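Comments concern the structure below.
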Amino acid sequence: MSIKHEPVELAIVGGGAAGLMAAAAARSRRLGCVVVERKARIGSKMLMTANGRCNFTKDVSAQRMLADIGEPVASFVRQALEAFPPSAIAGGFRARGLRIKRMADGRLFPSSEKAADVVHVFGDLLREGEVPLLSNCPVVGIQPVKNGFIVATRHFTLWARRVLVATGGLSFPKTGSVGDGQGFARSLGHRVEPCRAGLTGFECMAPSAARFERAAASVLVGGEAVCRYEGEVEFERWGVSGAAVYNCSRVVARRNLEGAFTLRLDTPQGAFDFQSPKMRPLKEAIVTIGGVSLGEVDPHTMQSRIVPGLYFAGEVLDIDGPTGGYNLSLAFATARLAVESISRETSYSSQKSQTPPVRRRGKGEA
Ligand SMILES: Cc1cc2nc3c(=O)[nH]c(=O)nc-3n(C[C@H](O)[C@H](O)[C@H](O)COP(=O)(O)OP(=O)(O)OC[C@H]3O[C@@H](n4cnc5c(N)ncnc54)[C@H](O)[C@@H]3O)c2cc1C
């Protein structure tokens, strides 16, 4: 047997929501890939989403989702979400046998309310497609070389024609997302926007512990409301939490309002104002705001504008959305767009190499 010495078409760094969707998309396009995951198992963060129930998308149009996400993220993710809207995300899971439950507000969960069932869909796809998966294998460096990249792990190196960095944000580091991808991006010349907490609680003296399903939270600046979200509000020992509060924290972080806003909660127990309460730390946040700067990544392909062949997807990018299935949708959609464009490019280059170039006869040639 002769042994071929060739690079893998695509190395996917990170086996979370984005990396797994990328692997699934690569498999269906017959694009050779390998998934390299830092932790012993795939999808650790997905397993803890929505308290282990996984609100994986929302039954709304891509346009509605983009409007809820807002700028500057919406313009960047538009192509990705329009190409892979929530209906297609749900359809993909349904086609793989996942039974889906729809909440009155449109949020979609597995009917079992078990996030593990969503992760199993990916596990099954990888196994059936014989997609190589290296777990317990942190990538420590990515170096461009002639004909691709050397992807260094702690124990060996891989040679890949293209690399997709899908290493997530910086929250809940025990799930494996510790900021490595932002480090790789920086070392390859990318700007990385400062990472901070999004979708988190506020520390303040809350009245006695209580949870309200129907309440509202607003952020006010100079007495004017800059946003208002209806939904769950919870008074905790350390402050306030709940979906409506989390969405307000995202607005505070995105608009740099720290120290200059009022958080107002309207609850069945009355209205409560808190002056510039402190946000809970990034390590406890649902999403990271900040990451690989969007100006240096092509939104049509997710390819780096600085290093050809390098791609990004998911929370490693400076993208985030409100609660309600938006963040997983963004991870899935950006990953799929990256693989679509890689696969288009590889089939174009293989067509080019198969078609002999047409050569005009020169004078005197037979
Ligand atoms: C408590 C909680 C609840 C949430 N609930 C929801 C929800 O219900 N709905 C929703 O839409 N979103 C939810 N989110 C957000 C959502 O989980 C994330 O936005 C999403 O998982 C991001 O996907 P990702 O693939 O970019 O990153 P991740 O899912 O974090 O995956 C990144 C992967 O990369 C791996 N990795 C990192 N560094 C390396 C390295 N050097 N080498 C190899 N592998 C590496 C990590 O181990 C990890 O497996 C929740 C988040 C949290 C924390």
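The values are calculated or read from the model by the stated rules, or taken from the named source; none is laboratory data. As the structure is a prediction and not an experimental result, all values here were calculated from the model. Reconstructed Cβ throughout: ideal geometry from the backbone, glycine too, with neighbour counts over all protein chains shown.
Quick look at the values:
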{"read-out": "Some residue of segment 197-204 being under 30 Å from GLY141 (Cβ atoms) and out of contact with any Ser or Thr (no Cβ under 6 Å at 6 or more places or on another chain)", "value": "yes"}
{"read-out": "Qualifying residue in segment 5-12 (condition: closer than 27 Å to GLY198 by Cα and part of a helix (DSSP H, G or I))", "value": "no"}
{"read-out": "Residues located in segment 294-314, provided they are within 16 Å of the ligand (Cβ to nearest atom) and either touching an Asp or Glu at 6+ places or on another chain (Cβ under 7 Å) or not assigned by TED's automatic domain parsing to the domain that holds GLY15 (or both)", "value": "LEU294"}
{"read-out": "Residue check for ILE306: among the β-branched types (Val, Ile, Thr), modelled with pLDDT of 95 or more and not in a helix (DSSP H, G or I)", "value": "yes"}
{"read-out": "Filter result (within 12 Å of the ligand (Cβ to nearest atom), out of contact with any helix residue (DSSP H, G or I) (no Cβ under 7 Å at 6 or more places or on another chain) and either part of a strand (DSSP E or B) or within 23 Å of PRO308 (Cα to Cα) (or both)) within segment 142-173", "value": "VAL151, ALA152, THR153, LEU158, VAL163"}
{"read-out": "Residues of segment 265-288 that turn out to be over 29 Å from LEU328 (Cβ atoms) and either of a type in the set (A, V, I, L, M, F, W, C) or exposed (fewer than 13 other Cβ atoms within 10 Å of the Cβ) (or both), as a count", "value": "7"}
{"read-out": "Failed item in (1) surrounded by fewer than 16 Cβ atoms within 10 Å (Cβ to Cβ); (2) under 20 Å from ALA23 (Cα atoms); (3) more than 12 Å from the ligand (Cβ to nearest atom); (4) among the hydrophobic types (A, V, I, L, M, F, W, C), with ALA67 passing the rest", "value": "(2)"}
{"read-out": "Any hit, segment 123-131, residues being more than 10 Å from the ligand (Cβ to nearest atom), assigned to a loop (DSSP other than H, G, I, E, B) and within 13 Å of GLY19 (Cβ to Cβ)", "value": "yes"}
{"read-out": "From PHE202, PHE212, residue being more than 9 Å from the ligand (Cβ to nearest atom), more than 18 Å from the chain's Cα centre (by Cα) and buried (at least 19 other Cβ atoms within 10 Å of the Cβ)", "value": "PHE202"}
{"read-out": "Of all residues making up segment 174-191, the number that are within 12 Å of ILE306 (Cβ to Cβ), outside any helix (DSSP H, G or I) and of a type outside the set (D, E, K, R)", "value": "3"}
